[in-house]
Amino acid sequence: MIVRLLLIEDDIKIANFIKSGLKSEGFAVDYADNGEDGLHLALTEPYDLAIIDLMLPKIEGLTIIEKIRQNNLNTPIIILSAKRSVDDRVQGLKIGSDDYLVKPFAFSELLARVRALIRRSSKATDTSRLVYSDLTMDLYSHKVVRGEAEIHLQPLEFSLLEYLMRNAERVVSRTMIMEHVWDYNFDPQANVVEARICYLRDKIDKNHDKKLIHTVRGVGYVLRENNQA
């Protein structure tokens, strides 16, 4: 199961430190160095957790958190801040954050808090299964079933299908797939995405009249029950 995190932090040194540590622990991390870009990502991409600095250019952290909650998103949020007073912490928690970590901090403590919030969030909402149409994915057992038939996927195919199912009926580009499934920058000459989609489509759609995985020419791919543009 890919765990996607959003980091909004304008201090490049701190951001690189956090990104490097989280990626080494197996997380996929999207990063924004200002509040405007960070808010856009938070409202348009699905994340398992967000780490947000308070003092940000363009849009400050508290405003980002307010906007996230106003849009009825329950993404767990950890505030990172040099502000250490009790009032600052209380304000951050009241506005909608789930935790507050004061700078400087040990990475081990941040990691522990990230894992604790993700565990808590997973218990609050059943994230063990993804369902779309007659396709079901069990994220714990790695079992995929379409109709009554079990489908055996390689680990990378499983991650690719998980990403498509989490974004069902939303077109995702090759770049998005490369960043969130492979978690490295896209090479426009590479056909690795097309090849993997082809293998996956063969397993998911081959024996079914209703096709679920569609190509949107010039844009990307989408999981949906029809191929309307």
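Quick rundown of the values:
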{"quantity": "Some residue of segment 205-213 being touching a helix residue (DSSP H, G or I) at 6+ places or on another chain (Cβ under 7 Å), modelled with pLDDT of 90 or more and β-branched (Val, Ile, Thr)", "calculated": "yes"}
{"quantity": "Residues of segment 148-163 satisfying the condition of being open to solvent by less than 40 Å² (accessible area, probe 1.4 Å) and either outside any strand (DSSP E or B) or in contact with a Ser or Thr (Cβ under 7 Å, 6 or more places away or on another chain) (or both)", "calculated": "153, 157, 158, 159, 160, 161, 162, 163"}
{"quantity": "Residue list for segment 65-124, restricted to those being of a type in the set (S, T, N, Q), within 19 Å of residue 55 (Cβ to Cβ) and open to solvent by less than 60 Å² (accessible area, probe 1.4 Å)", "calculated": "81, 85, 97"}
{"quantity": "Hits in segment 21-51 (condition: part of a helix (DSSP H, G or I), touching a strand residue (DSSP E or B) at 6+ places or on another chain (Cβ under 9 Å) and surrounded by fewer than 20 Cβ atoms within 10 Å (Cβ to Cβ))", "calculated": "23, 37, 40, 41"}
{"quantity": "Selection from segment 166-202 of residues that are crowded, with 18+ Cβ neighbours inside 10 Å and at pLDDT 90 or above", "calculated": "196, 197, 200"}
{"quantity": "Any hit, segment 126-140, residues being aromatic (Phe, Trp, Tyr), over 17 Å from the mean Cα position of the chain (by Cα) and open to solvent by 40 Å² or more (accessible area, probe 1.4 Å)", "calculated": "yes"}
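The values are calculated or read from the model by the stated rules, or taken from the named source; none is laboratory data. Nothing here was measured: the structure is a model prediction, and the numbers come from that model. Glycine gets a Cβ as well: all are built from the backbone with ideal geometry, and neighbour counts include every protein chain shown. For the accessible areas, the whole protein counts, side chains as well, though only heavy atoms, and no ligand, DNA or RNA atoms are used. Shrake-Rupley method; radii C 1.70, N 1.55, O 1.52, S 1.80 Å.
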